[in-house]
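What follows is one structure encoded as structure tokens, with my remarks underneath.
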Amino acid sequence: MATCFCFDLDGTLTKQELLPLIAASVDLEDEISVLTKATIDGFLPFDKSFKLRIRLLKDAPLNAIHQFVCNVECDEAILRFVQQNAADCYVVTGNLDIWVQPLLEQIGVEFFASKAKMDNGQLAGVEHVLHKGDAITELRQRYDNIIVIGEGMNDVPMFELADWRIAYGGVHRPNGSLKELSDFVVYDGEALCRLLNMLS
Amino acid sequence: MSPVKHVVLSAAGIGSRLGLGRSKCLVEIHNRSLLSYHLERLKDVENIWLVVGYQEDEVIEHAISLRNDIIITRNPEYAKTNTLQSIFKVSRHLKERFLAIDADTVVDNKTFSAFMQAAAIHEYLIAVSDYTTAEGVRVKIQNDHVTEFNRENQDPYEWAGIAILGPEMVIDKSIFVYQALTPFLPLPAFKINAFDIDTTSDLDMARHVLASNWKTT
């Protein structure tokens, strides 16, 4: 049986949310957090909110963003697990590919992310917002046992198609709807990795 | 170090006979929840699997406040399933023996420690207790082995809802745990002081017993 592990990025593998961090780099933290809250509270769909947030942040210099993103603190236990099982681990993130790519290359993990629209080397918007279920559908061709780990509402489509679902609360409490779909709820990175070893 | 690496604590049920309207593992005796007593006793065990169902949010919050690295295992079908099926949600992922405990039990620390020491000698072990309750399942014991479970209220020992089992003993079927264990009898028995809380009189007994540190029956 071929097993793979799909990790959410923001607030699962990383101990901080990346978008607020990027916003802080261009002094738009308050503006972005209003949009984030509106999304979490269900006033604005994720796709729309994400595109809007990208519009606000598109002038932020890429180099500075990469510096912030690459220095983000990751959960040590989860990072170790991902690196030790790199061939069968995937990061599935709604975040923008051009922003998270250096971090994920540095970790050495394959990933699915939202696609940036570029214009003359400048970020012009979002080409495609990743629907996390699509990543699972693609991985299904290669794996018959798919284990997903996430914490937010946008992880729901990934949970709906997986074999085993873990709601992770190591950074903040997992989203209630996601928890309702989960088989396990874990609040500690080490415990998560012990569980992953037992599910594989 | 604990001789077993895994504990499965079953805390999914409604506990309707007690009628307190809250999960039995949250019931307090002398200002501490049953779950808190269990987790303290099990602090040396590497993996704690807590199966939750009824009032899962309250149970999860409380459990995590006591020990952060618990593996919460959900049984959303708790109203239609029984303890055996809750245990199965964990045991299907295990490759080695584990300790199964009903979270609605009160347990004497001293005899429980002896039980865990005996687990170093016996691969499987059934905890039996002479603290009998009205609806308990009694056990027949011969040569320190459980040879039969029954509901005839004649044998002096009761199945305590605590046992070291192998994953192969647990099936996903709507039967009682003792019924699933019956084909594997005889199994080594170990006497501990423990009983489960099903009714208000069991709860009263628990308060008395803990107040006197297991000196009364």
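What the table below lists for this structure:
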quantity: Nearest-0.05 FRET efficiency for residue A:106 and residue A:31, computed from C-beta distance (R0 35 Å); calculated: 0.75
quantity: Axial C-alpha extent at least 20 Å, average Kyte-Doolittle at least -0.5 - helices from chain A (DSSP); calculated: none
quantity: Residue B:211/residue B:65 FRET efficiency (R0 25 Å; Cβ-Cβ; nearest 0.05); calculated: 0.50
quantity: Among A:69-82, B:202-215, the order from most to least packed when residues are scored by Cβ within 10 Å on average; calculated: A:69-82, B:202-215
quantity: Computed [θ] at 222 nm, deg cm²/dmol, the protein assembly as shown (DSSP H ≥ 4; -39,500 (n - 2.57); rounded to nearest 500); calculated: -10000 deg cm²/dmol
quantity: Sparse-neighbour loop sites [trypsin sites (Lys or Arg not before Pro); region B:76-149; at most 15 other C-beta within 10 Å; DSSP]; calculated: B:80, B:92, B:95
quantity: Inter-label distance for residue B:79 and residue B:110, nm, one decimal - labels placed 7 Å from Cα along Cα-to-Cβ; calculated: 4.4
quantity: Cα gyration tensor shape of chain A, rounded if a/c is under 1.5, else prolate or oblate by comparing a/b with b/c; calculated: prolate
quantity: Cβ-derived FRET efficiency at R0 51 Å, residue B:133 paired with residue A:70, nearest 0.05; calculated: 0.25
quantity: Inverse mean reciprocal Cα-Cα distance (Kirkwood Rh) of region A:19-67, Å; calculated: 10.9
quantity: Principal semi-axes in Å for region B:6-211 [√(5λ), Cα gyration tensor, largest first]; calculated: 23, 20, 17
quantity: Shape of region A:103-142, Cα gyration tensor, a/c cut at 1.5; calculated: oblate
quantity: Span from the region B:1-72 Cα centroid across to the region A:147-166 one, whole angstrom; calculated: 25
quantity: Summed side-chain charge close to residue B:188 - residues other than residue B:188 whose Cβ falls under 9 Å, Lys, Arg +1, Asp, Glu -1; calculated: -2
quantity: Surrounding net charge for residue B:156, when Lys and Arg each add one and Asp and Glu each subtract one, Cβ distance under 15 Å; calculated: -2
quantity: Beta bridges per DSSP with both ends in the protein assembly as shown, % antiparallel, nearest 5; calculated: 45
quantity: Positive minus negative residues near residue A:16 (Lys, Arg vs Asp, Glu; Cβ under 12 Å); calculated: -3
quantity: Residues of region A:30-69 with amide N under 20 Å of the 7 Å Cα→Cβ point at residue A:120; calculated: A:55-63
quantity: Reachable lysines, given that their alpha-carbon falls under 16 Å from the alpha-carbon of residue B:43 and they are not under 8 places away in the same chain; calculated: B:5, B:110
quantity: Value of Rg/Rh across the protein assembly as shown [Cα atoms, Kirkwood radius]; calculated: 1.07
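Here, each number is a calculation from the coordinates, and none is a lab measurement. All figures in this text were calculated on a predicted structure; none of them were measured in a lab. Please note: Cβ atoms are built from the backbone with ideal geometry, for glycine as well, and neighbour counts cover all protein chains shown.
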